[in-house]
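The values are calculated or read from the model by the stated rules, or taken from the named source; none is laboratory data. Model, not experiment: these values are computed from the prediction. Ideal geometry is used to build each Cβ from the backbone, glycine not excepted, and the neighbour counts take in all protein chains shown.
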């Protein structure tokens, strides 16, 4: 075990380092490892207009949100930019969402605000640039 990891697999260090580690684990396909970086009382908010929208509580809520998302879309995430602002970390990505039922795609920027405390992520608030554009991919021409 490295000096910057605890027994639970979380990365010690600054809020920026925690979010960078989360992004790395997700990019490497290590979903279980990424989930270890979430506080047990973690919550995530997606825009209410999306099928997977609203507040989701805990790791189970994250799983349920992901399942709701994946019923509708596949997603490609590119160009992550991660910036620290005290205990808040901002991640900006370019995401292409492709609707499973229509094959139509849309690309938007997504801003995520992470709250980090005691080496774990306690909250993520997600802001897609244009939810109308994303929802339009679900509608046939």
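I want to confirm something. Restricting to the range 35-45 and keeping residues that are in contact with a strand residue (DSSP E or B) (Cβ under 8 Å, 6 or more places away or on another chain) and assigned to a strand (DSSP E or B), which single residue is surrounded by the fewest Cβ atoms within 10 Å (Cβ to Cβ)?
41
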Would you be able to say whether some residue in the range 1-21 is modelled with pLDDT of 95 or more and part of a strand (DSSP E or B)? no
Quickly run through the range 114-129 and pick out the residues that are surrounded by 13 or more Cβ atoms within 10 Å (Cβ to Cβ) and more than 16 Å from residue 57 (Cα to Cα). 119, 127, 128, 129
Return the pairs, sorted by first residue and then second, in which the second residue is surrounded by fewer than 16 Cβ atoms within 10 Å (Cβ to Cβ), the first residue lies in the range 45-70 and is farther than 15 Å from residue 128 by Cα, the beta carbons are less than 7 Å apart, and the residues are 6+ apart or on different chains. 56/64; 58/40; 58/41; 68/51
Subset of the range 55-71 (residues that are over 16 Å from residue 37 (Cβ atoms), assigned to a helix (DSSP H, G or I) and in contact with a strand residue (DSSP E or B) (Cβ under 7 Å, 6 or more places away or on another chain)): 64, 65
Failed item in (1) surrounded by 13 or more Cβ atoms within 10 Å (Cβ to Cβ); (2) modelled with pLDDT of 95 or more; (3) more than 12 Å from the chain's Cα centre (by Cα), with residue 48 passing the rest: (1)
Select from the range 80-117 the residues that are outside any strand (DSSP E or B) and out of contact with any strand residue (DSSP E or B) (no Cβ under 8 Å at 6 or more places or on another chain) and write down the one among them that is modelled with the lowest pLDDT. 86
Residues within the range 25-34 that are part of a helix (DSSP H, G or I) and surrounded by fewer than 18 Cβ atoms within 10 Å (Cβ to Cβ), tallied: 5
